[in-house]
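Written out below as structure tokens is the structure these notes cover.
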Amino acid sequence: KAVEINALWYNALRLMEGWLAGEGRADDAQSLAASAERVRQSFNRRFWYEAGGYLYDVVDGEQGDDAACRPNQLLSISLRHPVLDRDRWERVLEVARERLLTPLGLRSLAPGHPDYKPMYDGDLRSRDAAYHQGTVWAWLIGPFVDAWLKAYPEDRLGARRFLEGFVPHLNEACVGSISEIFDAESPFTPRGCIAQAWSVAEVLRLWAKTR
């Protein structure tokens with residue numbers, strides 16, 4: 001059971017609840033509300049990793065519960081209907097800021113994990129092995145900043161600072177655009193597609209959101 005899938009499922013249930021209520025289908029909306037509440041309670045009971053102050057990436061997997069620190073957990077805060085209990089938001093964000101955040105997006109896996117890869121290079125097999133094991137994804141700045149503004153709604157200036165690293169990057173790789181991925185360690189060399197739509201879209205969206 002993956003953390004982001006459960007966060008998306010809860011969000012979908014709450015959205016459907018609202019749409020049904022808007023259509024006057026109160027009984028159906030109430031049924032979905034009850035299901036969503038069960039999901040919320042179960043999620044907070046099973047996914048919270050108290051020792052780390054963040055969320056398990058996977059629970060009940062083939063190897064048991066996976067405590068790898070990944071950015072997927074941010075969807076539990078950033079979506080319209082956050083499933084994570086409010087009193088845990090700051091702890092998750094602090095872990096993400098300290099261990100995952102870079103000037104150009106978020107690492108796909110925190111340093112210190114046995115599978116962590118600091119660089120995306122080498123042959124195809126080597127690159128594929130690093131793709132989700134530390135490599136920085138630019139678009140992940142989106143859910144991070146969304147979650148940050150959920151927890152700190154008045155801190156638009158602070159949220160804007162998380163985007164500043166993209167400005168000098170506009171003169172690298174494809175001039176005027178944003179790369180798909182970056183190495184997980186300084187100097188965060190751009191890799192992959194040199195002009196990635198979802199990277200550009202998220203940075204533009206956040207730039208407007210933090211004005």
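Yes/no per residue for (1) aromatic (Phe, Trp, Tyr); (2) closer than 30 Å to ARG160 by Cα; (3) surrounded by fewer than 18 Cβ atoms within 10 Å (Cβ to Cβ):
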position: TRP9; (1), (2), (3): yes, yes, yes
position: TRP19; (1), (2), (3): yes, no, yes
position: LEU32; (1), (2), (3): no, no, no
position: ARG46; (1), (2), (3): no, no, yes
position: THR102; (1), (2), (3): no, yes, no
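Which residues, counting only those in region 65-89, are farther than 19 Å from GLN41 by Cα and either of a type in the set (D, E, K, R) or part of a loop (DSSP other than H, G, I, E, B) (or both)? Result: ASP66, ALA67, ALA68, CYS69, ARG70. Pairs under 7 Å by beta carbon, first residue over 11 Å from VAL83 (Cβ atoms) in region 10-25, partner surrounded by 14 or more Cβ atoms within 10 Å (Cβ to Cβ) and aliphatic (A, V, I, L, M), six or more apart or different chains? Pairs found: MET16/LEU32; GLU17/ALA29; GLU17/LEU32; GLU17/ALA33; GLU17/ALA36; LEU20/ALA29; LEU20/LEU32; ALA21/ALA29.
Of the residues GLU164, GLU154, which is exposed (fewer than 12 other Cβ atoms within 10 Å of the Cβ) and within 18 Å of PRO190 (Cβ to Cβ)?
Only one candidate qualifies: GLU164.
Out of GLY134, GLY112, one residue alone is crowded, with 16+ Cβ neighbours inside 10 Å, on the phi > 0 side of the Ramachandran plot and not charged (D, E, K, R). It is GLY134. Taking first residues from region 158-170 that are over 16 Å from ASP146 (Cα atoms) and among the aromatic types (Phe, Trp, Tyr) and partners that are assigned to a loop (DSSP other than H, G, I, E, B) and at pLDDT 95 or above, the Cβ contacts under 8 Å between residues at least 6 apart in sequence or on separate chains come to PHE166/PRO103; PHE166/LEU104; PHE166/ILE178.
Given the criteria assigned to a loop (DSSP other than H, G, I, E, B) and over 19 Å from the mean Cα position of the chain (by Cα), does PRO114 qualify?
Numbers: assigned to a loop (DSSP other than H, G, I, E, B): yes; over 19 Å from the mean Cα position of the chain (by Cα): yes.
Against the criterion (assigned to a loop (DSSP other than H, G, I, E, B) and over 19 Å from the mean Cα position of the chain (by Cα)), PRO114 qualifies.
Can ASN44 be described as outside the structural domain of ASP146 (by TED's automatic domain parsing), closer than 16 Å to PRO143 by Cβ, in a helix (DSSP H, G or I) and modelled with pLDDT of 95 or more? Against the criterion (outside the structural domain of ASP146 (by TED's automatic domain parsing), closer than 16 Å to PRO143 by Cβ, in a helix (DSSP H, G or I) and modelled with pLDDT of 95 or more), ASN44 does not qualify.
The values are calculated or read from the model by the stated rules, or taken from the named source; none is laboratory data. If you're wondering where the values come from, they're calculated on a predicted model, not measured in any experiment. Using ideal geometry, Cβ is built from the backbone for each residue, glycine included, and neighbour counts are taken over all protein chains shown.
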